[in-house]
Amino acid sequence: MKNKKVFLSVVLATRNEEENISRCLESVKDIASEIIIYDEYSKDATVSIAKKYGAKVFLEPHHDIFHITKQKAIDKATGEWILQLDADEVVTPELSREILKITNSKLQITNTNLLFLRHQQLIEARDGKIGKDSGEVIAYFIPRKNMFLGKPLIHAGVYPDGVIRLFKKGYAKWPCKSVHEQMEIKGRVGWLNNDLLHFDSPTLKRYFMRLNRYTDLQAQELKTKKVSKGLFRFLQYTIYYPLYTFANLYIRHKGFLDGVNGFLWSLFSSWHFPIAYFKYLTDPSSKKAYP
């Protein structure tokens, strides 16, 4: 009996991504056995473009926590391996070949890149242990190179920006509780070597649209946690966190080596805290001042 060929599903959740979706799907059309897209009723040409690439498109109401829609796409996939992408990401030819080595064979990649491993330690210090320490590797972090205003960010604490995107079906899922959550992995996690390109902020307009959306969610989290509206928290979110974040990214993580782009990234990243906190303070449904 011949061995069953491993099947790769590429899955996405989309909403008004006509500027990005073609570039993304073009990068995976030769490695995907199927493309599954759950679309939150896009008002542009996202769906029609996706169908030109043979994608199976399913419509889904909008969720503030986008991971809900992402999980539905994952659940719909039929492949033994799943590659979950965002529409503004691009799989490089080098990464494609590396993915095929894993999905078309029993090869397991064990990356010992110290930068990647330190990055994972930082993620786990923040979010908790990810996966198991032994056994078969069933999910992979992919290093992500973020393109900011047309140039890649290498410093400012951004690279490798590891994201778990390649995994065996049934072994990974989104908790769907928070915009910042990590995937839950039932097995060992490894790292791929080649970069995934992320075109999240080609213009300042695009960046501020994302900043507005993320700070809305962060403000909701502050409300859910009933964060104090007293003077101490006010100073913490409006002065301490912004100054610490800017200094950490621009100086400690050498954002200055990325020139003007590194400065702007570090500055705008520091703004997330006061913007989210002011949205929380001025939310008419959250007028109570918590002690």
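Where a number appears in this text, it was derived from the coordinates with a stated rule and is not lab data. None of these values were measured; they are calculated from a predicted model. Cβ atoms come from the backbone with ideal geometry, glycine included; neighbour counts cover every protein chain shown.
At-a-glance table
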item	result
Listed values (1) 40; (2) 27; (3) 32, entry calculated as percent of Cα pairs over 31 Å apart	(3)
In degrees, nearest ten, helix 204-224 long axis to first principal axis of the chain (Cα)	70
Theoretical gain in end-to-end length, S228 to L122 [0.36 nm per residue, Cα-Cα removed]	35.5 nm
Too-long pairs where the Cα-Cα distance tops 31 Å, listed order kept, from K145/K173; K106/K177; K56/K132	K106/K177; K56/K132
Ranked list, fewest to most other Cβ atoms within 10 Å of each Cβ, for F234, F116	F234, F116
Cβ-Cβ FRET estimate between K106 and R23, R0 fixed at 25 Å, reported to 0.05	0.20
Residue-by-residue Karplus 3J(HN,Hα) for segment 30-44, coefficients 6.51, -1.76, 1.60, Hz, glycine and proline x	8, 10, 8, 7, 8, 10, 10, 10, 9, 10, 8, 6, 4, 9, 10
Label point at D200 placed 7 Å out along Cα→Cβ; residues across segment 168-184 whose backbone nitrogen lies under 16 Å	178-183
Sequence-distant residues sharing a close amide H with K145 (under 5 Å, placed H)	L196, L197, H198
Span from the segment 188-221 Cα centroid across to the segment 89-150 one, whole angstrom	17
Residue-averaged 222 nm ellipticity for the chain, from DSSP H runs of 4+ at -39500 (n - 2.57), nearest 500	-11000 deg cm²/dmol
Residue order, fewest to most beta carbons within 10 Å, for D44, D195	D44, D195
Exposure proxy ranking, count of Cβ atoms within 10 Å, fewest first, for C176, C24	C176, C24
Rounded to whole Hz, the Karplus (6.51, -1.76, 1.60) HN-Hα couplings of segment 159-171, x for glycine and proline	7, x, 6, x, 10, 7, 10, 10, 7, 6, 4, x, 10
Distant-in-sequence amide H partners of N104 (H built 1.01 Å from N, under 5 Å)	none
DSSP bridge orientation in the chain - percent antiparallel, rounded to nearest 5	35
